[in-house]
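See structure below.
The values are calculated or read from the model by the stated rules, or taken from the named source; none is laboratory data. Remember, predicted model here, so these are calculated numbers, not experimental data. Counting neighbours? That spans all protein chains shown, and the Cβs are built from the backbone with ideal geometry, glycine included.
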Amino acid sequence: MKDKLFTITLDNECSSHDIYSANLRDHLSNKNNLMLKGQLFVVRCYAHILNAVAQDVIASIHGVVYSIRESIKFIKASSAREEKFAEIALQLEIPSTKTLCLDVTTQWNTTYLMLLAALDYKQTFTTLETCDDNYNEAP
């Protein structure tokens, strides 16, 4: 392993990885086995970093996300509501072919897709609110 180890990638969720990685880096640096004295030895998992950033952004617009989720739940609760929503979108000549779907709250990419679809149908949600007395969650 001598002169062959450049970097390690650690799971950000591990609470004690800072201690272990620092100890390992110090041990290997003392033996001069690390390039750049180990400055690049520990690399955070970029997928976890991206997920954390995305979750923070979603949290900052929680009210909007909640309203869209509730709107989609309302529409998907009955086929009559889905038909009414589709009819309104057709009347408004909404060019989108996207399908409204609920997100999986732990997977930011599904929230992103839900928001993209909802954005296309923004005017449809507003019109539905004026047509249906039971609907009052327009985002």
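For region 105-118, residues that are at pLDDT below 95, closer than 12 Å to V65 by Cα and not hydroxyl-bearing (S, T, Y) total 1.
Which of the residues belonging to region 79-113 are assigned to a loop (DSSP other than H, G, I, E, B) and among the hydroxyl-bearing types (S, T, Y)? Spell out the reasoning first.
First, pick out the residues of region 79-113 that are assigned to a loop (DSSP other than H, G, I, E, B): 92-107.
S96, T97, T99, T105, T106, listed by residue number.
Condition test on D120, is it in the same structural domain as I75 (by TED's automatic domain parsing), surrounded by 13 or more Cβ atoms within 10 Å (Cβ to Cβ) and within 15 Å of the chain's Cα centre (by Cα)? Considered against the rule, which asks whether it is in the same structural domain as I75 (by TED's automatic domain parsing), surrounded by 13 or more Cβ atoms within 10 Å (Cβ to Cβ) and within 15 Å of the chain's Cα centre (by Cα), D120 comes out as no.
So is L34 at pLDDT below 95 and surrounded by 12 or more Cβ atoms within 10 Å (Cβ to Cβ) or not? Yes, satisfied. Condition first: touching a residue at least 24 places away in the same chain (Cβ under 8 Å), hydroxyl-bearing (S, T, Y) and in a loop (DSSP other than H, G, I, E, B). Can you find one or more residues in region 119-126 that meet it? Among the residues of region 119-126, at least one is touching a residue at least 24 places away in the same chain (Cβ under 8 Å), hydroxyl-bearing (S, T, Y) and in a loop (DSSP other than H, G, I, E, B), which makes the answer yes.
Does I88 meet the test of being surrounded by 13 or more Cβ atoms within 10 Å (Cβ to Cβ) and either among the acidic types (D, E) or free of Cβ contacts under 8 Å to residues at least 40 places away in the same chain (or both)? Explain how you work it out, then say what you get.
Details: surrounded by 13 or more Cβ atoms within 10 Å (Cβ to Cβ): yes; either among the acidic types (D, E) or free of Cβ contacts under 8 Å to residues at least 40 places away in the same chain (or both): no.
No; evaluated as a whole, the condition is false for this residue.
On inspection, T111 fails the criterion of being over 26 Å from the mean Cα position of the chain (by Cα), buried (at least 16 other Cβ atoms within 10 Å of the Cβ) and polar (S, T, N, Q). Scanning region 47-77 for residues that are touching a helix residue (DSSP H, G or I) at 6+ places or on another chain (Cβ under 9 Å) and outside any helix (DSSP H, G or I) yields a count of 1. With respect to the conditions (1) polar (S, T, N, Q); (2) closer than 17 Å to E82 by Cα; (3) surrounded by 14 or more Cβ atoms within 10 Å (Cβ to Cβ), T130 falls short on a single one, namely (3).
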